[in-house]
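Visitor: Quick one: structure below, then a few questions.
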Amino acid sequence: MLSSGSKTAVHVALFRALESVRDDRLFSDSYARLFLPRGYRVAAGVARFRPVGRRLEQYIDARWGGPRGSAVARTRLIDDWVDDAVSRGARQLLVLGAGFDSRAHRLPALSSVDVFEVDHPATQASKQRILAGRTRSDVRFVPVDFLYDDLGSALASAGFSPTVQTVVVWEGVTNYLTAAAVDVTLRYLGGIRGEVIFTYVDKAVLDGGVADAWRGAVTAVGEPWTFGFDPASLADYLRERGLTLVEDVSTRDAAQRYQRPQTAAEFYRVARARVGVDAEGE
């Protein structure tokens, strides 16, 4: 679970800030820079000069492996899937483990959609302080610890309706949870109306042998990966919880879709599922 001191959350914000100053950017996230410590903020600023930005990206990719390319690709893919869900009638956005997500403020399609952000209360307090006066004021913040709290009760208290068509974004979180926490959350989501977008790591990497640089980096900052799915059995797993897998792609495939294949990882994946076992073919 991300916390207000999460190094990985800060790194993803840096990757988004660097992408946002590129001439060929896949998305624009003007809020990402606000979440950065001073040194990273300066780096994101000077990256506007393309030779400097290119060198920074090369340094990051050489040091950490594939997280930057994967974060950029997954951000754009999820943006596109959220836009698609809203175009098909979604009227609520539920962001689980929201961290420094800024979609509620930067995606025009969400301007008339009710937004609920679920995260650790310390993370939410920090985020609200940073964004005060800069964004829409009607986002509903729902404090939850996925490892201990009941998600359904917390959302009900915040005014979330499970019968209103919803798009759920669960990005960059499942790989830091327990199998039990993921199971409980997906069983709850299988009872709402709408679709769920989530990221995960292929469980094979938890046994080592691949992704050594990236896995070592998150472990070194005290945020090791603890959970993964087997892509081959994901559809069956979701079906048992009331969800139908619609699409499951690696961030490498997503990066190729957007012509950014250089460093994105095959083992880091983004999936989209619709609620109900008969949702295929919609």
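Visitor: State the number of residues belonging to the range 219-238 that are surrounded by 15 or more Cβ atoms within 10 Å (Cβ to Cβ) and not in a loop (DSSP other than H, G, I, E, B).
Guide: 6
Visitor: Could you count how many residues in the range 203-239 are under 24 Å from residue 188 (Cβ atoms), touching a Gly at 6+ places or on another chain (Cβ under 9 Å) and modelled with pLDDT under 95?
Guide: Counting residues in the range 203-239 that are under 24 Å from residue 188 (Cβ atoms), touching a Gly at 6+ places or on another chain (Cβ under 9 Å) and modelled with pLDDT under 95 gives 1.
Visitor: Every residue in the range 18-47 that is among the small types (Gly, Ala, Ser) and more than 20 Å from residue 80 (Cβ to Cβ), please.
Guide: Within the range 18-47, the subset among the small types (Gly, Ala, Ser) is 20, 28, 30, 32, 39, 43-45, 47.
Across the range 18-47, the qualifying residues are 39, 43, 44, 45, 47.
Visitor: What is the residue count in the range 145-183 for residues that are over 16 Å from the mean Cα position of the chain (by Cα), among the β-branched types (Val, Ile, Thr) and modelled with pLDDT of 95 or more?
Guide: Counting residues in the range 145-183 that are over 16 Å from the mean Cα position of the chain (by Cα), among the β-branched types (Val, Ile, Thr) and modelled with pLDDT of 95 or more gives 3.
Visitor: Which residues, counting only those in the range 239-256, are in contact with a Lys or Arg (Cβ under 6 Å, 6 or more places away or on another chain), surrounded by fewer than 18 Cβ atoms within 10 Å (Cβ to Cβ) and of a type in the set (S, T, N, Q)?
Guide: none
Visitor: While we're looking at this one, here's another question. Here are some residues: 218, 182, 164. Which one is touching a Lys or Arg at 6+ places or on another chain (Cβ under 7 Å) and touching a residue at least 40 places away in the same chain (Cβ under 8 Å)?
Guide: None of the other options fit; the residue is 164.
Visitor: Taking the condition modelled with pLDDT under 95, of a type in the set (S, T, N, Q), crowded, with 21+ Cβ neighbours inside 10 Å and assigned to a helix (DSSP H, G or I), does residue 123 pass? Walk me through how you get there before you give the answer.
Guide: Working: modelled with pLDDT under 95: yes; of a type in the set (S, T, N, Q): yes; crowded, with 21+ Cβ neighbours inside 10 Å: yes; assigned to a helix (DSSP H, G or I): yes.
Against the criterion (modelled with pLDDT under 95, of a type in the set (S, T, N, Q), crowded, with 21+ Cβ neighbours inside 10 Å and assigned to a helix (DSSP H, G or I)), residue 123 qualifies.
Visitor: Residues that are surrounded by fewer than 18 Cβ atoms within 10 Å (Cβ to Cβ), at pLDDT below 90 and of a type in the set (S, T, N, Q): does the range 257-264 have at least one?
Guide: Yes, the conditions are met somewhere in the range 257-264.
Visitor: Quick check: anything in the range 112-120 under 17 Å from the mean Cα position of the chain (by Cα) and part of a loop (DSSP other than H, G, I, E, B)?
Guide: yes
Visitor: Please work out if residue 31 is hydroxyl-bearing (Ser, Thr, Tyr), surrounded by 14 or more Cβ atoms within 10 Å (Cβ to Cβ) and touching a helix residue (DSSP H, G or I) at 6+ places or on another chain (Cβ under 6 Å).
Guide: Answer is no for this residue.
Visitor: Given the criterion farther than 25 Å from residue 130 by Cβ, surrounded by 13 or more Cβ atoms within 10 Å (Cβ to Cβ) and either at pLDDT below 95 or of a type in the set (Gly, Ala, Ser) (or both), identify the matching residue among 65, 45.
Guide: Criteria check complete, one pass: 65.
Visitor: Ok, one more. How about the range 126-161: which of its residues are touching a strand residue (DSSP E or B) at 6+ places or on another chain (Cβ under 9 Å), surrounded by 13 or more Cβ atoms within 10 Å (Cβ to Cβ) and part of a helix (DSSP H, G or I)?
Guide: Result: 127, 128, 151, 154, 155.
The values are calculated or read from the model by the stated rules, or taken from the named source; none is laboratory data. These numbers come from a predicted model, not from an experiment. As a convention, Cβ positions derive from the backbone with ideal geometry for all residues, glycine included, and neighbour counts pool all protein chains shown.
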